[in-house]
Amino acid sequence: MTAFNPMHTPYARGWRLWALLATLLLINAISQIDRILPFILAEAIKTDLSLSDTQIGLLTGVAFAVCYTLLSLPLARAADRSSPRLVLLICLVVWSAMTALGGMAASFLVLALTRFGVAIGEAGAVPSGHALIARQVPPERRGLAIGLFSMGIPLGTMIGFAAGGALADTLGWRTALIGAGAAGGLAALLALLLIRPTPPQPRTEADDQPFLASALRLAAAPGFRWLLVGGLAIGFGTAPFYAFSAPFLIRTHAYTAGEVGLAFGLLQGLMGVLGTLLGGRAFDRAAQSGTGHVLRPPALALLIAAPALAAGLFAPEGWMSIALFTPGMFAFAFLLPSAFGAAHLVAGAGRQAQASSLMMVASGLLGPALGPVLVGMISDAIAGAGLANSLGFGLLIVPVGVALSGLACLIADQRIATRSRLVVAPRLSPST
């Protein structure tokens, strides 16, 4: 059996490298726009379709998270073993079409089904994007490349909140969803032209293992196990935060959807861009230093953000709430390159997409599926009792999840530092 040697891979250089990264950034941004739009459009959708907060939680939680996370593993397997470019293109077309169909929904059930469809497509975006980076980006630039790719999340959030809020106030939520779907179709054409096919992947030991056995072996590695715990916890922080921050600011502080989209969306975009770039650079420096402490900086950022987020839920003024949410916006983005980069280090060459998908399962299943629903149920119960700031109390789930994720990342950081040699190995060492 021939071990995978990254030196045999023809990496993209010059303009081809930057075209690849720019296209992946655009695709990830569109993916996040399509995911985030129902959050900023929630109040308009709720009024038009006569929904409850619990149903909004189901739309932004269970309806998306279950398909998104469960399908990420087989799509990651396909990206690792075949063509990540083809997987990415097919997924992009699917989720864009389903986003546009969501704008035509006339009931909760139909809208929920379209969100399932969006999730099915988007499940392959991150694993196939990371597989393309692993095959076409030189090792010394992969932390920065993951950071640039991850920048699509805050940029997509910023555009989704700002443009979605403006469209909700002017043309309506249906136009916003249809327009986002059309943009995805144009991005698919661009990706077809600019992303070159990847060379065949040499077979590794992981290819001879059954799919489930390979995933379980990776998940059993101590460093990776604590990464999964951190991902599980952060899912309970980020998903409810983005699902209900806009409704919270609209109801509690009397903002309009357009005002929330402009203020919250632009700040989230700026903090996200700053966080992903600094996070990618920090990961590259830590990985090249040989100390192994690749997760300590994002862990500390999460532990600082948790109390600030809690304070923001009970601030007397809207601008104070947004300001106190800022450390959380930065920490969420700062974590991404280090979390995925550390997962790739533990997994080894040829299994980067699988490692990314396992991280997505951890962060994207229970937290996004249950977190928004729990917030909605708590909010409905408190509002039914006649108490004020019902969403603020429900959103206390967010700082708790963020703090627990920070602690788990500190433990994972220590495990990786002591057990991993921080090299891309041909296969996962049982002692890692």
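Since every read-out is calculated from the coordinates, none of them should be taken as a lab result. Note that the structure is a prediction, hence the values are computed from the model and not measured. With ideal geometry, Cβ positions are generated from the backbone for all residues, glycine too; neighbour counts draw on all protein chains shown.
By how many degrees, 0 to 90 and rounded to 10, does the Cα axis of helix 62-81 deviate from the longest principal axis of the chain? Roughly 20 degrees, rounded to the nearest 10. Cα centroid separation, segment 114-163 to segment 280-344: 18 Å.
Here the contact order of segment 33-138, divided by its residue count and restricted to Cα pairs under 8 Å and six or more residues apart, works out to 35 percent. Taking Arg35, Arg77, Arg196 in turn, the Gaussian network model of the chain (Cα-Cα springs below 10 Å) assigns the largest fluctuation to Arg196. Dividing the mean sequence gap of close Cα pairs (under 8 Å, 6+ apart) by how many residues the chain holds gives a relative contact order of 27 percent. Of the residues Glu259, Glu43, Glu122, the one with the fewest other Cβ atoms within 10 Å heads the list, and the complete ranking is Glu259, Glu43, Glu122. Exposure proxy ranking for Thr23, Thr47, based on other Cβ atoms within 10 angstrom of each Cβ and starting from the fewest, stands as Thr47, Thr23.
Of Leu192, Leu262, Leu20, the residue with the greatest mean-square motion in the GNM of the chain, using alpha carbon springs below 10 Å, is Leu192.
Taking 0.36 nm per residue of sequence separation and removing the Cα-Cα distance, the Glu317/Leu86 pair yields an extension gain of 78.3 nm. Classified by the C-alpha gyration tensor, segment 221-377 has a prolate form. Its axis ratio a/c, with a ≥ b ≥ c, is 1.5 or above, and a/b is larger than b/c.
Per the Debye formula on identical point scatterers at the alpha carbon atoms of the chain, with no solvent, log10 I(q)/I(0) at q = 0.06, 0.14 Å⁻¹ is -0.22, -1.24. Calculated mean residue ellipticity, 222 nm, the chain: -26500 deg cm²/dmol, from DSSP H runs (n ≥ 4) at -39500 (n - 2.57) each, averaged per residue and rounded to 500. Computed across segment 34-166, the Kirkwood radius stands at 15.8 Å (inverse of mean 1/r, all Cα pairs).
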